[in-house]
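Okay, so here's the structure we're looking at.
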Amino acid sequence: MAPALTVSGVRKAYGPVQALRGVDLEVGTGEVFGLLGPNGAGKSTLVKIACGLVRASAGSVWICAEPAGSARAQASLGYLAELFRFPDWSSADELLALHQRLAGSAGGARERHELLELVELSDVSGRRVGAMSKGMQQRLGIAQALIGAPRLLLLDEPTSALDPAGRRTVRTLLERLRERGVSVLLNSHLLSEVELVCDRVAIIDHGLVVAAGSPTELSRPGGVEVETARGVRRYPDARRDDVPRIVRELVAAGEEVFQVGMLTSTLEDAYLEAVGRAPPATHDVPDEAVA
């Protein structure tokens, strides 16, 4: 099966401004892929090109092996903008019926019910949008993006305005979509959310992919920290296998060892390093510590 999204050598210039300068990335089937980067990095431009709203200056974008912007590509694509707004007077069911007509979906009442059930809104299908909480409206937005059973879902900051409970609900929904084989490109500034839900991540800065990989791959080991009676000692080049030797040497030297912990950089550290905003940092990981 072809990848849900293939971006190859994409460039985009707005006059003298180079928004994208040769981006390559691929989103596989059933993969939740995080797109990170500072404001103005080119993320929104890339999403617009994938949606067929903007034409690339060079390179190509394919949605399920179809060129972006084509009718077949559009049929395989669902999209939820960051600043979407639905009519307050419309009910959830009415809104989905409208978008079914716009998308040419023949799913009817059954599709609407299944989507509302998926996003846990089936019991409020008749409620007006204006009477819904922000979290409910966000889930309704995801439901409308899923009309027509798209293989790829583009979500722009889907949890930015939600409280922790609302963000957890959306994360659970993304996991359900992954189980169904739906691919998701998640554009977000919330690195903690991306780290929890995404299989892989690409960090874009100044129109280029400056780092890519799984959150675990980007969060690399950063040494060993040992707490002794004389203070904290750090061994930046040490790894987990070095811990027994380090402890033996310290004890043999008369040191009292209270705790040993592995240090690792977080996704946030990797992000800041990749975009040149801060030097690499390391943090203690409690579950690696031994008394």
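Each reported figure results from applying straightforward, stated rules to the coordinates on display, with no laboratory input. These figures come from a predicted structure and were not determined experimentally. For neighbour counting, all protein chains shown are included, and Cβ atoms are generated from backbone atoms with ideal geometry for every residue, glycine included.
Report the relative contact order of the chain, percent, no decimals, based on alpha-carbon pairs under 8 angstrom and at least 6 residues apart. Let's see the in-between values first.
On the way: 584 pairs, mean separation 56.7, N = 291.
Contact order relative to length: 19 percent.
The calculated FRET efficiency for residue 102 paired with residue 65, based on their beta-carbon distance and R0 = 22 Å, is about 0.35. Near residue 121: Cβ cut-off under 12 Å, other residues only, Lys/Arg at +1 and Asp/Glu at -1. The net charge is -2. Amide H contacts for residue 79 (H built 1.01 Å from N in the peptide plane; partners 5 or more residues away or on another chain; cut-off under 5 Å): 154. Of all aspartates and glutamates in the structure, the ones whose alpha carbon falls short of 19 Å from that of residue 12, not counting any fewer than 8 places away in one chain, are 24, 26, 205.
A Förster distance of 41 Å, applied to the separation of the beta-carbon atoms of residue 85 and residue 217, puts the FRET efficiency at 0.60. Dipole magnitude for the chain: computed about the Cα centre from +1 point charges on Lys and Arg Cβ and -1 point charges on Asp and Glu Cβ, it is near 1100 debye. Summarising the amide proton neighbourhood of residue 263: residues at separation of 5 or more, or on other chains, whose placed amide H is nearer than 5 Å comprise 222, 223, 224, 225.
Quick one: grab the alpha carbon gyration tensor of the stretch 107-163, order the square roots of its eigenvalues as a ≥ b ≥ c, and give me rounded if a/c is under 1.5, else prolate or oblate depending on whether a/b is larger than b/c. Oblate is the answer for the stretch 107-163, as a/c is 1.5 or above yet b/c matches or exceeds a/b.
With both labels modelled 7 Å from their Cα along Cα-to-Cβ, the residue 122 to residue 2 distance reads 3.4 nm.
Go through the stretch 140-205 and name the trypsin sites (Lys or Arg not before Pro) that are in a DSSP coil and have 15 or fewer other Cβ atoms within 10 Å of their Cβ. Display every interim value, and only then the final one.
Details: sites: 151, 167, 168, 171, 176, 178, 180, 200; in loops: 151, 180.
Listed in order of number, the matching sites are 180.
Database remark: amide H of residue 68 closer than 5 angstrom to the amide H of 61, 62, 63 (H placed geometrically; neighbours at sequence offset of 5 or more, or on other chains; Pro and chain starts carry no H).
Full extension of the chain between residue 110 and residue 241 gives 41.5 nm of extra length, using 0.36 nm per residue less the Cα-Cα distance. In terms of other Cβ atoms within 10 Å, 89, 62 run from fewest to most in the order 89, 62.
Full extension from residue 249 to residue 18: what is 0.36 nm times the residue separation minus their Cα-Cα distance, to one decimal in nm?
On the way: separation 231, 0.36 × 231 = 83.16 nm, distance 5.53 nm.
Separation in residues times 0.36 nm, less the Cα-Cα distance, equals 77.6 nm.
The trypsin sites (Lys or Arg not before Pro) of the stretch 222-256 that meet both conditions, a loop assignment by DSSP and at most 13 other Cβ atoms within 10 Å of the site Cβ, are 230, 239. Per-residue ellipticity at 222 nm, computed for the chain from helices alone with -39500 (n - 2.57) per DSSP H run of at least four residues, works out to -9500 deg cm²/dmol.
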